[in-house]
1. Going through segment 203-251 one residue at a time, which ones are in a strand (DSSP E or B), touching a Phe, Trp or Tyr at 6+ places or on another chain (Cβ under 7 Å) and either open to solvent by less than 20 Å² (accessible area, probe 1.4 Å) or at pLDDT below 75 (or both)?
2. So residue 91 passes all but one of these: (1) part of a loop (DSSP other than H, G, I, E, B); (2) open to solvent by less than 70 Å² (accessible area, probe 1.4 Å); (3) of a type outside the set (Ser, Thr, Tyr). Which condition number does it fail?
3. Which of the residues spanning segment 232-274 are closer than 23 Å to residue 376 by Cβ and among the small types (Gly, Ala, Ser)?
4. Can you give me the number of residues within segment 374-406 that are in contact with a helix residue (DSSP H, G or I) (Cβ under 7 Å, 6 or more places away or on another chain) and in a loop (DSSP other than H, G, I, E, B)?
5. Which one is farthest from residue 347 (Cα to Cα) among residues in segment 252-272 that are in a helix (DSSP H, G or I) and of a type in the set (Val, Ile, Thr)?
6. Pick out the one residue from 313, 319 that is aliphatic (A, V, I, L, M), open to solvent by 20 Å² or more (accessible area, probe 1.4 Å) and under 26 Å from residue 3 (Cα atoms).
7. Could you look through segment 322-337, keep only residues that are within 18 Å of residue 181 (Cα to Cα) and in contact (Cβ under 8 Å) with a residue 60 or more places away in the chain, and pick out the one that is most open to solvent (accessible area, probe 1.4 Å)?
8. Restricting attention to segment 119-140, report how many residues are part of a helix (DSSP H, G or I) and exposed (fewer than 15 other Cβ atoms within 10 Å of the Cβ).
Amino acid sequence: MLIAFICLFICLYALPGIILAFLQIKHIKLELHKPAILLESEDYKQAGDYAIASLRLDIFTHLFEILTFSLWAVFGLKFLSLWLEHILSGFSSMWQEIALVLAFVIIGSIIELPFAIYKTFFLDKKFGFSKQTPSLFVIDTLKSLVLSVVIGGIIICLLVLIIENIALWWLVGFVALLGVVILANLIYPTLIAPLFNKFTPLNDENLKSRIESLMNSIGFKSNGIFIIDASRRDGRLNAYFGGLGKSKRVVLFDTLLDKISADGLIAILGHELGHFKHKDIFKNIILMACMLFVLFFIVGHLPESLFSTLGLVQNGAGVLLIMLLISPVVGFFFLPIMGYFSRKAEYKADEFGASLSSKNCLANALVRLVNENKSFPSSHPAYIFFYYTHPPLLQRLKALDYDPHH
């Protein structure tokens, strides 16, 4: 059973991820031999080189995930469980279980840290994206760790109580975690995001007036328009509407204001408002709910023999540890489903955004984003099917009647 468990992880998650990365690398290398499109020749090559370097890192990450998953499955979970049981022998079983799951999460974060350091300070620095300083990186990492322990501890405690006290725990646990996801969307813009970035109210009255007029035209109410100091960490451009209900806010990256014209910015925000108009946030929550339901259903019907094989007790902690181990597999198979609906939503949002400005204005803004973010404009169909939440830019431009060769 142990071998089968590891093989399922490899065959259903890690190996497909590696194959898709190789297909994408091969595709990009072939495209780099063709004339540049949407980008200047030098930028086109740089975008391709960055994409290939990122994909190679993804391949190495997947190989490392196979190793760590195997080590956890063969002896890691059993060792960690026995060790914590020994050093926390004076505490109740409830606290021991919470500590076990938190320890697993923290160790996982520490294991992944070298990859984050490499990507931030070597890969992204090399290609001129990352502006992180070591001190800022350390502060961000420590803040994330504290949030993981505090918020994660509360969620773990809640789920352990449900698992050990309710017969249909997997169904009640699913509903509880879905509630946490919705709550996170509500509080993230106003309580969590400001812990990492400085939010400054937009002081350009002309632009502010245009954005407010745009929002009012479709009945979008927000608690403010803010500039985020994204340039402290990264040079790429972005903008988004965050939150639900009264916590909704418009967030513009400071990098965006420096690089995109006011008309282009209005076109991009019009696209984002299209998502609000079509209730795409709620549709995404429904899709997320489906994924969580499948995950809880699977873990709720696993044989007891699997727990003993992994050296775990079939209690709250044991259930949550297996859930954390197999969640990447379940998430991977939901990627094409979520991507399909997301890509359809993007076309509709583009159409809506263009109706508020013009097709040409939105298309030019999208091309500007690609140039500034050095995004490679072409991808393998299989890679798009699994990973793309947005249609390839060439297809979006075609839908906007924009000629990329002009």
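The values are calculated or read from the model by the stated rules, or taken from the named source; none is laboratory data. Computed from a predicted structure; not experimentally measured. All Cβ positions, even for glycine, are placed from backbone atoms using ideal geometry, and neighbour counts span all protein chains on display. Only protein heavy atoms, including side chains, enter the accessible area calculation; ligands, DNA and RNA are left aside. Shrake-Rupley method; radii C 1.70, N 1.55, O 1.52, S 1.80 Å.
1. 228, 239, 241, 242, 250, 251
2. (2)
3. Listed by number, the residues that qualify are 235, 239, 264, 267.
4. The qualifying residues number 16.
5. Of the residues in segment 252-272, the ones in a helix (DSSP H, G or I) are 254-259, 262-272.
Checking the rest, the ones that are also of a type in the set (Val, Ile, Thr) come to 255, 266, 268.
On the way: 255: 25, 266: 17, 268: 13 Å.
Taking the candidates together, the pick is 255.
6. Numbers: 319 fails: open to solvent by 20 Å² or more (accessible area, probe 1.4 Å).
Testing whether each residue is aliphatic (A, V, I, L, M), open to solvent by 20 Å² or more (accessible area, probe 1.4 Å) and under 26 Å from residue 3 (Cα atoms) leaves just 313.
7. 324
8. Residues in segment 119-140 being part of a helix (DSSP H, G or I) and exposed (fewer than 15 other Cβ atoms within 10 Å of the Cβ): 8 in total.
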